[in-house]
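Data block below; observations after.
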Ligand code: Q9C
Ligand code: ZN
């Protein structure tokens with residue numbers, strides 16, 4: 001399978017995040033991408049740099065003011081104090097219900113809150129360049145598919161599926177699955193399906209396409225009553241307006257077994273087949289793995305092969321974008337199992 005990857009991801013390397021009241025080392029590390037790349041190369045897949053520039057597609061997915069903030073955010077942070085080079089900015093105030101999000105504050109931390117859903121997505125010096133390179137990979141993958149490639153695997157880091165039209169969150173800044181989808185629509189696909197198999201509900205992807213019937217969004221994830229992102233991902237969210245019926249959430253209880261997970265995958269695949277998509281975008285989170293440090297599903301290494309083989313049977317040109325997955329050393333082989341099984345069928 002063709003792999004798209006940029007070493008620019010290394011510049012996105014915040015040191016710590018907050019977890020259960022403590023500052024802990026980030027779960028979402030540069031090593032994750034290296035493990036995935038090494039495993040895919042070891043199994044003989046071809047690797048390329050992204051070739052497309054996603055600049056024209058980005059404003060179709062994200063708001064201009066959010067993109068402007070992301071692109072210049074680190075520079076603005078440094079302008080406040082050169083010593084900030086050694087510090088990570090975190091939001092501490094958010095425009096929740098009754099507060100205004102139409103006015104952009106001057107204060108940097110207030111703007112960071114405006115454009116964040118949580119305090120868990122720290123910026124660092126190379127965040128924009130890394131996120132933009134992922135978007136470029138997603139746009140490139142769409143181009144390759146429309147030129148006849150059957151499948152492309154984008155090793156995207158930072159991930160994207162929690163990022164909405166105008167906010168970051170859950171380690172995500174630019175929604176790579178949405179960029180791939182929008183690019184596919186722009187190059188002639190009439191219908192696209194997105195399947196999100198990350199442990200966490202892809203709230204950003206859902207919200208971006210919620211009112212659009214040409215993009216079916218299906219997600220299998222930990223029940224948001226107990227799992228992040230908590231405020232979206234319930235079974236009764238089925239789309240709105242013209243998009244009514246084109247969003248399917250399959251929340252599963254924390255601790256669910258592989259057997260339960262694959263039952264949900266069958267439901268997902270049946271719905272996707274009914275959409276008759278011209279292309280499939282898979283938000284490939286690998287945090288469903290039993291050994292994942294922040295998640296509770298029970299998939300084993302072989303289950304990722306089973307997933308790849310099942311997706312192959314959908315018979316669609318397919319873009320994979322990497323989302324979560326934090327069991328760093330097993331991440332590579334689990335990703336490669338999906339890719340290998342997809343190619344071999
Ligand atoms: N910082 C993805 O898998 N909370 N994001 C973790 C506290 C957020 C996961 C614990 C988890 C986000 C792409
Ligand atoms: Zn996740």
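Nothing in this text is a laboratory measurement; each read-out follows from the coordinates by a stated rule. As the structure is a prediction and not an experimental result, all values here were calculated from the model. All Cβ positions, glycine included, derive from the backbone under ideal geometry; neighbour counts span all protein chains shown.
For the chain, the longest principal axis of the Cα atoms and the long axis of helix 176-186 meet at an angle of about 70 degrees. Taking the Cα of residue 301, stepping 7 Å toward and past its beta carbon, and measuring to each backbone N in the stretch 38-62: which are under 15 Å? Correct set: 39-40, 42-43.
The C-alpha atoms of the chain define a longest principal axis, and helix 301-312 lies at about 70 degrees to it. Let me test this: with uniform point scatterers at the alpha carbons of the stretch 157-291, what is the Debye-based log₁₀ I(q)/I(0) at q = 0.18, 0.19, 0.23 1/Å? Once normalised to I(0) and log-transformed, intensities are -0.95, -1.07, -1.55. Sorting the segments 334-341, 237-244 by their mean number of nearby beta carbons within 10 angstrom, highest to lowest, gives 334-341, 237-244. Our note on the geometry: Cα centres of the stretch 225-260 and the stretch 73-152, 25 Å apart.
Seen from all sides and averaged, what is the projected area of the convex hull of the Cα atoms in the chain, in nm²?
That works out to 15.9 nm², a quarter of the Cα hull's surface.
Using only Cα atoms, what Kirkwood radius does the stretch 171-244 have, in angstroms?
Working: mean 1/r = 0.0783 Å⁻¹.
Taking every pair of different Cα atoms in the stretch 171-244, averaging 1/r and inverting gives 12.8 Å.
Highest mean packing comes first when the peptides 104-114, 310-320 are listed by Cβ atoms within 10 Å, giving 310-320, 104-114. Using a simple spin-label model with pseudo-atoms 7 Å out from Cα toward Cβ, residue 344 and residue 68 lie 5.2 nm apart. Given the C-alpha centroids of the stretch 156-206 and the stretch 30-44, what is the distance between them in whole angstrom? Cα centroid of the stretch 156-206 versus Cα centroid of the stretch 30-44: 22 Å apart.
With the convex hull built on the Cα atoms of the stretch 1-85, state its orientation-averaged projected area in nm². Don't skip to the end; give the middle numbers.
Details: hull surface 33.8 nm².
Orientation-averaged projected area of the Cα hull: 8.5 nm².
Between the Cα long axis of helix 64-80 and the first principal axis of the chain there is an angle of about 50°, rounded to the nearest 10.
Please list log₁₀ I(q)/I(0) at q = 0.09, 0.15 Å⁻¹ for the stretch 1-158, using the Debye equation with identical point scatterers on the alpha-carbon positions. One equal scatterer on each Cα of the stretch 1-158 leads to -0.36, -0.91.
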